[in-house]
Amino acid sequence: MATSVLEMYTKLSRLPAGRRLFSAAFAWKAPYFRTIRPRFIQVSPNYASLVLPKRRAVHNHIGTVHAIAVCNGLEAAMGALAEATVPKGKRWLPKGMEVEYLAKSTTDLTCSAETDPDAWSAGPDVPVRVKATRTDGTVVVAGTIHLWVTDKPAR
């Protein structure tokens, strides 16, 4: 039986450098996330957050974190949340993302995703609130990622 994302995070986060190991494993499973080098801070049902380091590889032409790199960080946080929260017997797929760019991304960013617990039983559309915040507390991107949550097909 495969270890769930939440079980893996819980086990690894107790170890020295465990969150770093979890972040590397998460990005290994979903290779596109390696481009932003996420550093997970928290993974729990209905909430996940990570740090997206500001580094040259994710800069745009004005030296700030590129908007699509920020969206990648938001989607990584949402994915960890969804894996930690989706009820047994269900599966999720992202079906859309709406974001607003509110300020320049001039520092490392904390990308977070949050849902209401009741949303998972009310589905099939589950809205996930996402935001990216600078180190000074300024929200630079905010929005919603909509998930489509359905029954897993019978094997």
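Out of all the residues in the stretch 39-47, is one or more over 20 Å from L147 (Cβ atoms) and open to solvent by less than 30 Å² (accessible area, probe 1.4 Å)? Looking for residues that are over 20 Å from L147 (Cβ atoms) and open to solvent by less than 30 Å² (accessible area, probe 1.4 Å), one finds none in the stretch 39-47, hence no. If you go through the stretch 17-32 and keep only what is at pLDDT 95 or above, open to solvent by 90 Å² or more (accessible area, probe 1.4 Å) and not hydrophobic (A, V, I, L, M, F, W, C), you end up with R19, R20. Could you tell me whether L50 is modelled with pLDDT of 95 or more and not in a strand (DSSP E or B)? Taking the combined requirement at face value, the residue does not satisfy it. Among the residues of the stretch 140-155, those identified as open to solvent by 50 Å² or more (accessible area, probe 1.4 Å) and either among the hydrophobic types (A, V, I, L, M, F, W, C) or in contact with a helix residue (DSSP H, G or I) (Cβ under 7 Å, 6 or more places away or on another chain) (or both) are W148, A154.
Let's see how each residue does on (1) free of Cβ contacts under 8 Å to residues at least 60 places away in the same chain; (2) closer than 14 Å to T85 by Cα; (3) in contact with a helix residue (DSSP H, G or I) (Cβ under 6 Å, 6 or more places away or on another chain); (4) not polar (S, T, N, Q):
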{"position": "Y9", "(1), (2), (3), (4)": "no, yes, yes, yes"}
{"position": "R20", "(1), (2), (3), (4)": "yes, no, no, yes"}
{"position": "A25", "(1), (2), (3), (4)": "yes, no, no, yes"}
{"position": "W28", "(1), (2), (3), (4)": "yes, no, no, yes"}
{"position": "I41", "(1), (2), (3), (4)": "no, no, no, yes"}
{"position": "Y47", "(1), (2), (3), (4)": "no, yes, no, yes"}
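Scanning the stretch 70-127 for residues that are in a strand (DSSP E or B) and within 11 Å of the chain's Cα centre (by Cα), we see that the one that is farthest from R37 (Cα to Cα) is E114. Remark: V128 matches the filter, which requires a residue to be buried (at least 19 other Cβ atoms within 10 Å of the Cβ), touching a Leu at 6+ places or on another chain (Cβ under 7 Å) and hydrophobic (A, V, I, L, M, F, W, C).
The values are calculated or read from the model by the stated rules, or taken from the named source; none is laboratory data. In this text, all values refer to a predicted model and were calculated from it rather than measured experimentally. With ideal geometry, Cβ positions are generated from the backbone for all residues, glycine too; neighbour counts draw on all protein chains shown. When the accessible area is computed, the model is the full protein with side chains, heavy atoms only, and any ligands, DNA or RNA have been set aside. Shrake-Rupley method; radii C 1.70, N 1.55, O 1.52, S 1.80 Å.
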